[in-house]
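Colleague: After the structure tokens below, expect a handful of questions from me.
The values are calculated or read from the model by the stated rules, or taken from the named source; none is laboratory data. Given the structure is predicted, the values throughout are model-derived calculations rather than measurements. Here the Cβ positions follow ideal geometry from the backbone for every residue, glycine too, while neighbour counts run over all protein chains shown. Surface areas here come from the heavy atoms of the whole protein model, side chains and all, with no ligands, DNA or RNA. Shrake-Rupley method; radii C 1.70, N 1.55, O 1.52, S 1.80 Å.
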Amino acid sequence: MTLTEKLLARAAGKTKVEAGESVWVKADVLMTHDVCGPGTIGVFKREFGQDARVWDRHRVVIIPDHYIFTADSKSNRNVDILRDFVRDQGITYFYDVIDDPNGAWKFDAARGLLKRQYGSQYAGVCHTALAQKGHTRPGEVLFGTDSHTCMAGAFNTFATGIGNTDAGFVMGTGKLLLKVPETMRFRLEGVLQPGLMAKDIILHLIGEIGFDGATYRAMQFEGDGIATLSMDDRMTIANMAIEAGGKNGIFPFDARTAEFVDARTRLKRNTDRL
């Protein structure tokens with residue numbers, strides 16, 4: 001099996017899956033943010049009931065990051081909707097913009113962007129925050145309400161973006177019906193030449209196959225050249241799998257992955273005990 005097939009087989013409780021097969025996949029993490037979070041919560045409450053509980057409050061990660069630096073009151077309210085939901089559900093991982101769990105978010109445009117208006121829990125862009133906070137782990141399945149969720153594939157994770165309806169279902173059940181994607185293999189060899197960066201690699205590959213060349217396919221990156229790429233490089237490449245229409249991008253697990261993930265998951269465990 002390919003890397004993606006192995007991960008989906010594990011999550012489906014099967015010994016083997018094949019491309020084109022539809023399987024029920026158990027989620028390890030569901031991420032949503034201030035753009036899609038309110039809609040996902042709305043679907044969840046509509047389908048499971050106003051008093052329903054999420055399937056696992058420790059596996060839902062909520063990160064405000066899109067609508068926070070705007071004075072628009074409706075955008076600010078999106079963050080407050082997330083906070084209300086987190087408080088009601090007792091969700092463990094909420095990287096809020098403010099420190100007051102009962103407060104309200106309002107961006108003051110008069111103070112400008114250079115003056116800090118956020119609290120100690122703010123974690124930044126959701127995709128990098130997931131990695132930095134120890135939520136991207138090898139062998140797991142991560143669903144997120146953002147097309148660039150595929151960035152977590154840098155950590156040997158099956159990570160893909162889903163819509164509000166699917167996310168609402170995952171929020172209530174912890175699983176999702178998926179068609180196993182075909183895999184395209186991209187072999188990287190040698191080292192990057194001076195002046196070139198990881199972004200150049202993925203832009204070149206997309207230029208070769210077209211913006212729809214990997215539609216609903218897994219982009220598997222492999223080869224000796226992988227060892228020369230930093231985790232930031234791999235994140236950059238996996239992030240743009242969606243720009244070729246990919247279902248996910250994925251890298252193999254190696255010592256560099258282990259070093260990065262182990263450090264972040266240890267940090268998360270220590271933070272959880274505080």
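Colleague: Using a Debye calculation, one point per C-alpha and no hydration shell, please list log10 I(q)/I(0) for the stretch 85-135 at q = 0.22, 0.25 Å⁻¹ in order.
Modeller: Treating every Cα as an identical point scatterer, log10 I(q)/I(0) equals -0.95, -1.08.
Colleague: Tell me, what is the per residue accessible area of the chain in Å², probe radius 1.4 Å?
Modeller: On a per-residue basis, 47 Å².
Colleague: Let me ask you something else. Taking the alpha carbon gyration tensor of the stretch 51-139, what are the square roots of 5 times its eigenvalues, largest first, to the nearest whole Å?
Modeller: 24, 17, 10
Colleague: Given R₀ = 30 Å, what would the calculated FRET efficiency be for LEU113 paired with ASP56, taking r from the Cβ atoms and rounding to 0.05?
Modeller: Step by step, r from the Cβ atoms, then E = 0.25.
Colleague: Please report, in Å, the Rg and the Dmax of the chain, where both are computed over Cα atoms only.
Modeller: Values for the chain (Cα only, Rg and Dmax): 19.0, 58 Å.
Colleague: Just for the Cα atoms in the stretch 8-49, what are the lengths along the principal axes, largest first, rounded to whole Å?
Modeller: 36, 21, 18
Colleague: Could you work out which residue, out of MET219, MET171, MET197, moves most in a Gaussian network model of the chain, that is, has the largest mean-square fluctuation with Cα springs under 10 Å?
Modeller: Between MET219, MET171, MET197, it is MET197 that shows the largest mean-square fluctuation.
Colleague: Just to check I understand the Karplus step: with θ = phi - 60° and J = 6.51 cos²θ - 1.76 cosθ + 1.60, what whole-Hz values come out for the stretch 171-181, glycine and proline as x?
Modeller: 3J(HN,Hα) across the stretch 171-181, in whole Hz: 4, x, 10, x, 8, 8, 7, 10, 8, 5, x.
Colleague: Gaussian network model of the chain, Cα springs within a sub-10 Å range: biggest mean-square fluctuation belongs to which of ARG77, ARG53, ARG187?
Modeller: ARG187
Colleague: Using a 1.4 Å probe on the protein chains only, how many percent of the accessible area of the stretch 168-264 belongs to carbon and sulfur?
Modeller: 53 percent
Colleague: Taking the Cα centre of the stretch 92-223 as origin, sum charge times position over the Cβ atoms of Lys and Arg (+1) and Asp and Glu (-1), and report the length of that vector in debye to the nearest 20.
Modeller: In total the dipole reaches around 180 debye.
Colleague: Of GLN117, THR149, LEU196, which is farthest on the positive side of the dipole of the chain, counting Cα position, with +1 on Lys and Arg Cβ, -1 on Asp and Glu Cβ, and the Cα centre as origin?
Modeller: Among GLN117, THR149, LEU196, the one farthest towards the positive end of the dipole of the chain is GLN117.
Colleague: How big, on average over all directions, is the shadow cast by the Cα convex hull of the stretch 129-226, in nm²?
Modeller: 7.6 nm²
Colleague: Still on this structure: The stretch 1-88: D in µm²/s via Stokes-Einstein (Kirkwood Rh, Cα pairs, 10 °C, 1.306 mPa s)?
Modeller: 104 µm²/s
Colleague: Next question. Answer with one residue from GLY90, ILE242, GLY207: the one whose Cα lies farthest towards the positive end of the charge dipole of the chain, charges on Cβ with Lys, Arg +1 and Asp, Glu -1.
Modeller: Positive-end residue among those listed: GLY90.
Colleague: In addition: Which value, in debye to the nearest 20, gives the size of the charge dipole of the chain about its Cα centre, when Lys and Arg are +1 and Asp and Glu are -1 at the Cβ?
Modeller: That gives the chain a dipole magnitude of about 680 debye.
Colleague: What are the chymotrypsin sites (Phe, Trp or Tyr not before Pro) within the stretch 182-265 that DSSP puts in a loop, where the Cβ has at most 16 other Cβ atoms within 10 Å?
Modeller: Passing sites in the stretch 182-265 are PHE211, TYR216, PHE253.
Colleague: Assuming a viscosity of 1.002 mPa s and a temperature of 20 °C, what translational diffusion coefficient in µm² per second does Stokes-Einstein assign to the stretch 43-99, Rh being the Kirkwood radius over Cα pairs?
Modeller: Answer from the Stokes-Einstein relation: 174 µm²/s.
Colleague: Over the stretch 195-274, what per residue volume does the convex hull of the Cα atoms give, in whole Å³?
Modeller: 111 Å³
Colleague: Still on this structure: Report the charge-dipole magnitude of the stretch 172-261 in Debye, nearest 20, computed about the Cα centre from +1 at each Lys and Arg Cβ and -1 at each Asp and Glu Cβ.
Modeller: 420 debye
Colleague: On to the next question. So what's the gap between the Cα centers of the stretch 17-81 and the stretch 220-268, to the nearest angstrom?
Modeller: Rounded to whole Å, the Cα centres lie 24 Å apart.
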